[in-house]
Structure formats: structure tokens, C-alpha cells
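K.L.:
To start, I am sharing the structure in question, which I have written as C-alpha cells.
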Amino acid sequence: MFTQVKYYQPYNSPNDPCPPVRVKSYQTPPQLYIGFQPPNLQQFSPKQALYCGTLWPAFYSPYPDPDGRNDDK
Amino acid sequence: MWYYEKKLQYPVRVGSCNPQLAKYLIEQYGGADGELSAALRYLNQRYTIPDKVVGLLTDIGTEEFAHLEMIATMVYKLTKDATPEQMKAAGLGAHYANHEHALYYENAAGSAWTATYIAAKGDPIADLYEDIAAEEKARATYQWIINLSDDPDLNDGLKYLREREIIHSQRFREAVEILKEERDRQIFF
């Protein structure tokens, strides 16, 4: 399944001074995967396109992660 | 030449006076990966790149100035009526001493913008790869500022700007593919 966020588990020492973040994430937005934009992609309505910052859902990248699994907070 | 449209590319709303957030946001105004660096980098590269991608650099470089204007509006609104005490508490005391409420091309740490932030190698692939990297770095900077910000109105604009970095990166990646393609080569059967 395609996801725009990837996760990894960094090493945590028992002597780390800060409370450990056990799972870290990084963004992998759609432009990394698409290559040349294919013709006839599905389009947002004009209003939705302005809100999203792009005309095409295939390029839309919500941030923060809508699944709410961000590690940083 | 350019035509100027007297409106912002995307509406800017700021929820509260927050000079602390302005201090972080100024990174996108006069920082290494900010909108000024981006605009000047792309527009300057146009002269020494194959004709096929000159228009793309013009379009994206121009849009970066529209983003610069949005960031300026955000920073201005965040600091507009802040007292000297509020500026000092936000770490902007030194800025206030030099600039009062004026905007300045500097990064979040207060270092003035410098042309050494941008490169022009003259090699089309090297320059476009630089541009892709610049877009990804600007995207990351928007992420970190969104993480620092607790102003939902402001974040709406920042999320829009982050998405535009993604589209720009996509277009630069396509430009590299255009230059790689062997379209002009003779084909023999």
C-alpha cells in the first residue's frame, strides 16, 4: 500500500537523557514516485484545488500525517 | 518583464500577534532554503539552460516571488503591533534595535541573506538537481515550522506553500527527464 509517511525504529540507549522516541517518521510525498505526470489525471474542483495547493489528487500531500501517527509530538 | 496582480496567491490569515512565530517564519523569507533564495536561483539559471526548460524556470521563479509576498504578509501580521517588550521576549530584541518592525532578509537565527545561498553551476543537470534539493529542503522547512506553530489560520497558508514545493519538485524532476530523453537522435530501422 502506498503511504506518504515511512517509519523506523532508532536505537535507544538506556542512558539517553531525554525520554526516548521509539518510532520516528519521515515524509515521502508523491513526487518521488510519479515520474512524468500521466495525462488525464483526476482533478479537484477549483475551490478544493486552491485549498489543497494542487489541481490533482495524485499530487496532494496532507501534512501533518492525517493518521495522526506523527512521532514528533 | 512581469505583470503584477494586486492580490496574494493564497489568502493569508493570522490568528494572533505572535512575534516568536515570526522569528521562525523569517527562515522562509531570507534563509538559505527560503523563497527569496529560490526565486533568485531559478530566474538566474534560465540563461544557461537548454531552451526546453527555460519557461519552467521562469514560471517557478515567478511563483516563488508570490510565495515571498505571502511570507512577508504573515511575518508582518505576526509582528505588526507587538511592543518592544514582546519583541524582546520573542528573541527579536536585536532585530528591533536595527529594524523596528521592518522586515529584513534574514534567517531564523538573524543572519542576513547572502548570495552564497544559491548556486549557478552552468551544468543543466547539476543545476536542476540543486533545484530539486532546494524544493525538498523548503518542504522540510515548512514541515518544521508547522510543527512549531500553534496558529491554525497561519498553518493553512503554510500547508498550501508546502504543497507548492511538492509540485515544483515534480516539475524539476520532469525537466531532468526532458533533458535526458534522446528525442533528437536519429532512429535507424
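K.L.:
Show me, for segment B:157-166, the HN-Hα J-couplings you get by feeding each phi into the Karplus relation (A = 6.51, B = -1.76, C = 1.60, θ = phi - 60°), rounded to Hz, glycine and proline as x.
P.N.:
x, 5, 5, 4, 5, 4, 5, 5, 4, 5
K.L.:
Compute a Gaussian network model of chain B, connecting alpha carbons closer than 10 Å, and tell me which residue from B:PRO152, B:PRO50, B:PRO19 fluctuates the most.
P.N.:
B:PRO50
K.L.:
As I understand it, the dipole of the protein assembly as shown uses +1 on the Cβ of Lys and Arg and -1 on the Cβ of Asp and Glu, about the Cα centre. Which of B:PRO19, B:HIS99, B:ILE166 lies farthest toward its positive end?
P.N.:
The Cα lying farthest towards the positive end belongs to B:ILE166.
K.L.:
Give me B:ILE71, B:ILE132 sorted ascending by neighbouring Cβ count inside 10 Å, so fewest comes first.
P.N.:
Fewest-to-most ranking of B:ILE71, B:ILE132: B:ILE132, B:ILE71.
K.L.:
Sticking with this structure for a sec: Could you work out the helix-only [θ] at 222 nm for chain A, with each DSSP H run of four or more residues adding -39,500 (n - 2.57) and the total divided by the number of residues, to the nearest 500 deg cm²/dmol?
P.N.:
For chain A, the value works out to -3000 deg cm²/dmol.
K.L.:
From the square roots a ≥ b ≥ c of the eigenvalues of the alpha-carbon gyration tensor of segment B:93-182, which class results: rounded (a/c under 1.5), prolate (a/b over b/c), or oblate?
P.N.:
Here segment B:93-182 falls in the oblate category.
K.L.:
Only Cα pairs under 8 Å and at least 6 apart count here; give the relative contact order of chain B as a rounded whole percent.
P.N.:
31
K.L.:
Can you give the relative contact order of segment B:115-166 as a percent, counting alpha carbon pairs under 8 Å and 6+ residues apart?
P.N.:
Relative contact order for segment B:115-166 comes out at 36 percent.
K.L.:
Further question: Collect residues whose amide H, placed 1.01 Å from N in the peptide plane, falls under 5 Å from the amide H of B:GLY34; neighbours closer than 5 in sequence don't count.
P.N.:
So B:GLY34 has HN proximity to no qualifying residue.
K.L.:
Place a point 7 Å from Cα of B:GLU181 in the direction of its Cβ. Which residues in segment A:29-59 have their backbone N less than 13 Å from it?
P.N.:
Inside the label zone: A:36-39.
K.L.:
Expected output is a single nm value to one decimal: the length gained when fully extending between B:THR58 and B:ALA89, i.e. 0.36 nm times separation in residues minus the C-alpha distance. What is it?
P.N.:
Going from the current span to full extension adds 7.1 nm.
K.L.:
On to the next question. I need the calculated FRET efficiency for the pair A:GLN9 and B:ASN147, taking r as the beta carbon distance and R₀ as 22 Å, to the nearest 0.05.
P.N.:
Taking R0 as 22 Å, the efficiency between A:GLN9 and B:ASN147 is 0.60.
K.L.:
Would you please classify the overall shape of segment B:1-53 from the alpha carbon gyration tensor, given that a ≥ b ≥ c denote the square roots of the eigenvalues, rounded means a/c under 1.5, and beyond that prolate means a/b larger than b/c while oblate covers the rest?
P.N.:
Cα axes put segment B:1-53 in the oblate bin.
K.L.:
Right, next: How crowded by other chains is A:31-42, given as the mean number of beta carbons from other chains within 10 Å of each beta carbon?
P.N.:
Partner-chain Cβ atoms within 10 Å, mean over residues of A:31-42: 3.
K.L.:
Top mean-square fluctuation among B:ILE60, B:ILE26, B:ILE178, Gaussian network model of chain B, C-alpha springs under 10 Å?
P.N.:
B:ILE178
K.L.:
Something else about it: Apply the a/c threshold of 1.5 to the C-alpha gyration tensor of chain A and tell me whether it is rounded, prolate or oblate.
P.N.:
Prolate is the answer for chain A, as a/c is 1.5 or above and a/b outweighs b/c.
K.L.:
Also, I was wondering about something else. Which value at 222 nm does chain B reach when only helices count, each DSSP H run of 4 or more adding -39,500 (n - 2.57), with the total divided by all residues and rounded to the nearest 500 deg cm²/dmol?
P.N.:
-19500 deg cm²/dmol
K.L.:
Specify the longest stretch of chain B that does not include any exposed loop site, a site being one of the GluC sites (Glu not before Pro) with a non-H, G, I, E, B DSSP assignment and at most 10 other Cβ atoms within 10 Å.
P.N.:
B:6-99
K.L.:
Out of B:LYS52, B:LYS137, B:LYS23, any idea which swings most in a Gaussian network model of chain B, alpha carbons joined below 10 Å?
P.N.:
B:LYS52
K.L.:
May I pose another question? Can you tell me the orientation of helix B:54-79 relative to chain B, as the angle in degrees between its alpha-carbon axis and the longest Cα principal axis, to the nearest 10?
P.N.:
10
K.L.:
Where the centre of each part is set by its Cα atoms, how far does segment B:1-52 sit from segment B:94-158, in angstrom?
P.N.:
Cα centroid of segment B:1-52 versus Cα centroid of segment B:94-158: 8 Å apart.
K.L.:
Test of understanding: what is the full-extension gain from B:ASP156 to B:LYS7, defined as 0.36 nm times their sequence separation minus their Cα-Cα distance?
P.N.:
Between B:ASP156 and B:LYS7, full extension yields 51.9 nm more.
K.L.:
If each residue of separation counts as 0.36 nm, what is the full-extension length gain between B:ALA97 and B:ALA109 once their alpha-carbon separation is subtracted?
P.N.:
2.8 nm
Readers should treat all values here as calculations from the given coordinates under stated rules, not as data from a laboratory. Only a predicted model underlies this, so the values are computations on that prediction, with no experimental measurement involved. Every residue, glycine as well, gets a Cβ built from its backbone with ideal geometry; the counts of neighbours run over all protein chains shown.
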